[in-house]
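Structure first, then comments.
We did not get these values from a lab; they are worked out from the coordinates using the rules stated. This structure is a prediction, so every number in the text was calculated from the model and none was measured. Here Cβ is always computed from backbone atoms with ideal geometry, including for glycine, and neighbour counts include all displayed protein chains.
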Amino acid sequence: MAFLIDCPNCGRRPRTEYTWGGEEPGIAEPGRDAQDAWYGRAWLRRNASGRQRECWFHAGGCCRWVAVERDTRTNEVHVLD
Ligand SMILES: [Zn+2]
């Protein structure tokens with residue numbers, strides 16, 4: 001599944017240069033302790049059909065995080081400001 005992500009520092013690069021950092025914001029249930037909140041953020045995913053906010057780490061480039069909105073049906077990516 002190849003697609004491109006626009007890095008604000010490096011320009012348009014293939015997804016293979018990035019590491020997926022998860023959905024943003026992660027799922028955290030109110031009233032639960034911090035450990036449970038982090039578990040939810042790391043492991044519980046909405047896996048929504050459509051546009052969702054995600055974080056990607058540009059490991060093959062500038063080594064910075066990029067916040068995007070990706071359509072999970074088409075992999076169309078929009079960089080967030
Ligand atoms: Zn970059």
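Sort largest first and round to whole Å: the equivalent ellipsoid semi-axes of the chain, each the square root of five times a Cα gyration tensor eigenvalue.
25, 15, 10
Tell me, which cysteines of the chain are without a disulfide-compatible partner by the Cβ under 4.7 Å rule?
So, Cys55, Cys62, Cys63.
Helix 34-43 versus the longest principal axis of the chain: what is the Cα-based angle in degrees, 0 to 90, to the nearest 10?
40
Give, in nm to one decimal, the length gained when the segment between Cys10 and Gln35 is fully stretched (0.36 nm per residue of separation minus the Cα-Cα distance).
5.5 nm
What does the extension gain come out to for Cys63 and Arg46, with contour length at 0.36 nm per residue minus their alpha carbon separation? Provide the component values of the computation, followed by the final result.
Details: separation 17, 0.36 × 17 = 6.12 nm, distance 2.61 nm.
Full extension of this stretch gives 3.5 nm more.
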